[in-house]
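Asker: Right, I'll just put the structure down here and ask away after.
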Amino acid sequence: APAPSTTVGEVVHPALPPLPEVSGLTPLPDLNPDPHILEVDLVARSHAVQLLPGEPTQLFNYNDQFPGPLLHARVGDRVIVHFKNELAEETVVHWHGLRISDQMDGSPVIQNPVQPGASFTYDFVVPDAGTFWYHTHLHQIQQLEYGLYGAIVVHEREFPVFSTERIFVGDDIRLRTTNNQVSGFLTSGPDIGAGRVGNRLLSNGRIINGEGGEGPVTFTMPRGSIERWRFVLATNALSYGLRIRGADVRVISTDGGLLPEPFALERVEIAPGQRYDFEVRPKPDATEVVLEALVLVLDENDNVVEAPFELARGTIEGETVTAEPIYPKVSLPATSVEAASHEWKLSGGVVDGQVQFTINGVPSYVGEGHEHVLLETFEPNVPVKITLSSNVSPRHPFHIHGQFFQILERGGKPVFEPGLRDTVEVRGNETATILTYFENHGRWMVHCHISEHSENGMMADIQVG
Ligand code: C2O
Ligand code: CU
């Protein structure tokens, strides 16, 4: 029987169907009986994880889980996070992709760092449905590599129903081969130029490549199932292709939620910080369905080649009949509009022997300080085109806090990259043009998601309204 309607203050909420379980990560327990409030405890602390045989790896995690626990809500819910910092260093929590108030965004320009032993309560209403993530936004070069991140799922008010929903978080980590510990951080060379890349690949905290790794996430799925697979890329600098073998697959959602029209594609490209949701239907003759990361590696002859790595593997077992999922109607902001054109030039170089990254020539955030430069001020709800260009490094996965945008062009030519984004890959020697309406008032960070770039200058603020 459906649950009776509940009353919150003066507002009567109709009864809502319970949220479906999302397999793959453990959800945060809800401490609040109100069905429209998700109230949780989140603690950051050092934590040892058995990633490989031998010595456990010392990480920084949320709630002693790697990745951190799943924050699972419904659009319109109020979310209260009692955060406690039990690390020996300061930190903040940023809610990547949530268009909430700038006061709750976990941006170090607004929020004072949470000191060791101190607490902070984040309190916001989730305005959009989709797959998002949360992560540290301080000393990010180290803290993100050490594992301070987790996933967020916000269900649509009327969500399409699948036989199963799953979530996978991809990451990489550089471990010492001698003792399994996170290896030291270099302040020069390719680690700064292109960002640190790991020697091990992770899927939901399991090592999937090389000796001693646990291998892909495994499960069984019946023939005839229609599943929703959500994917978050939490790497520092590694972008890759994503492909699902053994199934008919459609992309149904990007950073900002469901697409107006799902589309089929052999593979998609994903950059650090981005998300995709897939609709997955095992092929009639398939025995397994495999999610693969397509990563550039060196072969025995030192040639750069692309190799597939299994992130997740579903073995077909049993049979089921699944009703067609019914997708809610989605419309995106118009893209063929008159819009002012802005340019953000991403650059870098060596100044006084120090590597420095800049946006429009200004190093906006350098070293340990939290001083930010105001890059530009925008009117809210006015369409703006921004052309991002890069003259350094292979690429910059560029992120705008608190807003969504659409990717219109690369190199001045229209591209098929549908859906709302909060992060766009700006490749070397190519421009990327986005269109945004800046709907969310406040002071927002804009930065490259490669921590070595953002923490060495490629990070600034914009003011909306
Ligand atoms: Cu995912 Cu400013 O970050
Ligand atoms: Cu960058």
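Asker: Could you list, in sequence order, the residues of the range 110-156 that are of a type in the set (D, E, K, R) and touching a residue at least 60 places away in the same chain (Cβ under 8 Å)? Show your work before the answer.
Answerer: Taking the range 110-156 and keeping what is of a type in the set (D, E, K, R), we get 123, 128, 145, 156.
Result: Asp128, Glu145, Glu156.
Listed here are the residues, each with its yes/no results for (1) charged (D, E, K, R); (2) modelled with pLDDT of 95 or more; (3) away from ligand 1 (no atom under 14 Å from the Cβ); (4) over 24 Å from Met459 (Cβ atoms).
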position: Gly68; (1), (2), (3), (4): no, yes, no, no
position: His72; (1), (2), (3), (4): no, yes, yes, yes
position: Glu90; (1), (2), (3), (4): yes, yes, yes, no
position: Asp105; (1), (2), (3), (4): yes, yes, no, no
position: Gln115; (1), (2), (3), (4): no, yes, yes, no
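Asker: Among the candidates Arg410, Arg421, Arg443, single out the residue that is assigned by TED's automatic domain parsing to the domain that holds Ile386 and either within 16 Å of Ala194 (Cα to Cα) or surrounded by 24 or more Cβ atoms within 10 Å (Cβ to Cβ) (or both).
Answerer: Exactly one of Arg410, Arg421, Arg443 is assigned by TED's automatic domain parsing to the domain that holds Ile386 and either within 16 Å of Ala194 (Cα to Cα) or surrounded by 24 or more Cβ atoms within 10 Å (Cβ to Cβ) (or both), namely Arg421.
Asker: If you don't mind, another one. Among residues belonging to the range 252-269 that are within 19 Å of the chain's Cα centre (by Cα) and without any contact (Cβ under 8 Å) to a residue 40 or more places away in the chain, point out the one that is surrounded by the most Cβ atoms within 10 Å (Cβ to Cβ).
Answerer: Val268
Asker: Please report, ordered by residue number, the strands (runs of 3 or more DSSP E) entirely within the range 400-465 with at least 2 residues that are closer than 17 Å to His342 by Cβ and more than 16 Å from ligand 1 (Cβ to nearest atom).
Answerer: 405-410, 432-436
Asker: Has the range 167-178 got any residue that is away from ligand 2 (no atom under 16 Å from the Cβ), hydroxyl-bearing (Ser, Thr, Tyr), in a loop (DSSP other than H, G, I, E, B) and within 23 Å of Leu28 (Cβ to Cβ)?
Answerer: No - not one qualifying residue is present in the range 167-178.
Asker: Now a separate question. Applying the selection to the range 418-465, what residues are touching a residue at least 60 places away in the same chain (Cβ under 8 Å), within 16 Å of ligand 2 (Cβ to nearest atom) and touching a Lys or Arg at 6+ places or on another chain (Cβ under 7 Å)?
Answerer: Glu425, Val426, Glu452
Asker: Please find, among Gly189, Gly195, the residue that is in contact (Cβ under 8 Å) with a residue 60 or more places away in the chain and over 24 Å from Leu291 (Cα atoms).
Answerer: When all the criteria are applied, what remains is Gly195.
Asker: Could you check the range 231-332 for strands (runs of 3 or more DSSP E) lying wholly inside it with 1 or more residues that are modelled with pLDDT under 95?
Answerer: Values: elements: 240-245, 247-254, 257-263, 268-270, 275-282, 288-298, 304-319.
Hits in the range 231-332: 288-298, 304-319.
Asker: In the set Glu145, Glu165, which member is acidic (Asp, Glu), modelled with pLDDT of 95 or more and more than 16 Å from the chain's Cα centre (by Cα)?
Answerer: Criteria check complete, one pass: Glu165.
The values are calculated or read from the model by the stated rules, or taken from the named source; none is laboratory data. Since the model is a prediction, treat every value here as computed from it, not as a measurement. All Cβ positions, even for glycine, are placed from backbone atoms using ideal geometry, and neighbour counts span all protein chains on display.
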